[in-house]
Amino acid sequence: FEECTAITSITIPDSITEIPRHALKDCTSLESITIPHGVTKIGIAAFYRCTSLQSITIPDGITEIGEWALYECTSLTSITIPDSVTRIGWSTFHECTSLTSITIPESVTEINQYAFSRCYSLTSIIIPDSVTQIGRGAFMECTSLKSITIPDGVTTIDEDSFFRCTSLTSITIPNSVT
């Protein structure tokens, strides 16, 4: 259904176990989607540039959200990542410019490169103790982010992770970071 620009909603049947690569890429009129409980993976760029997408329900059971899965979903305001997710891929939420908050579950161990870069409206984020690495540019240009606490489990913060976070006034970095 890539580039089906008139689709506003879609019902995914319970028989689906994976949202494949580019499944709804550039479906610019898609406003909301509920993913059924049987799905375990959201593929690469599955909802890439679905600029009208305001809400998405990600059920427990999803273990992986692929690279660029929600890239440039500029109308998305909030998202809850379920406890079953262990990895947030490269640029997964890049330029989700209306995203104001996100909670990352304890199951996530790595926030990959550019995962939340250019989320200009993001004011807060909770990074759980389970995260050990924050990838390059992970929160780059999150210009509304005011403060962040890096948990004790983090050992690596790659370059440009908080580049141009111009509203950031407070940051706590634990001794575990090398």
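The values are calculated or read from the model by the stated rules, or taken from the named source; none is laboratory data. Values in this document were obtained by computation on a predicted structure and should not be read as measured data. Heavy atoms of the whole protein, side chains included, go into the accessibility calculation; ligands, DNA and RNA do not. Shrake-Rupley method; radii C 1.70, N 1.55, O 1.52, S 1.80 Å.
Figures for the structure shown
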quantity	calculated
Inter-centroid distance (Cα atoms) of segment 16-46 relative to segment 86-131, Å	18
Heavy-atom accessible area ranking, 1.4 Å probe, most first, across PHE163, PHE116	PHE163, PHE116
Protein accessible area in segment 1-40, 1.4 Å probe - carbon and sulfur %	51
Long-range amide H partners of THR80 with built H, under 5 Å	ILE58
For q = 0.11, 0.14, 0.19 Å⁻¹, Debye-computed log10 I/I(0) when each Cα of the chain counts as one equal scatterer	-0.43, -0.69, -1.21
Per-residue HN-Hα couplings for segment 144-160 [Karplus 6.51, -1.76, 1.60; θ = phi - 60°; Hz; x = Gly/Pro]	9, 5, 9, 8, 8, 10, 8, x, 4, x, 6, 10, 9, 10, 6, 4, 6
Long-range HN-HN contacts of SER29 with modeled amide H, under 5 Å	ILE7
Share of carbon and sulfur in the accessible heavy-atom surface of segment 67-178 [1.4 Å probe, %]	47
Percentage, to the nearest whole number, of Cα pairs in segment 1-99 over 17 Å apart	43
For the chain: accessible area per residue (Å², 1.4 Å)	45
Estimated vicinal HN-Hα couplings, Hz - segment 91-105 in sequence order (Karplus 6.51, -1.76, 1.60; Gly, Pro = x)	6, 4, 10, 4, 6, 7, 5, 9, 5, 9, 8, 8, 10, 9, x
Rounded to whole Hz, the Karplus (6.51, -1.76, 1.60) HN-Hα couplings of segment 116-127, x for glycine and proline	10, 5, 6, 8, 4, 8, 5, 9, 8, 8, 10, 9
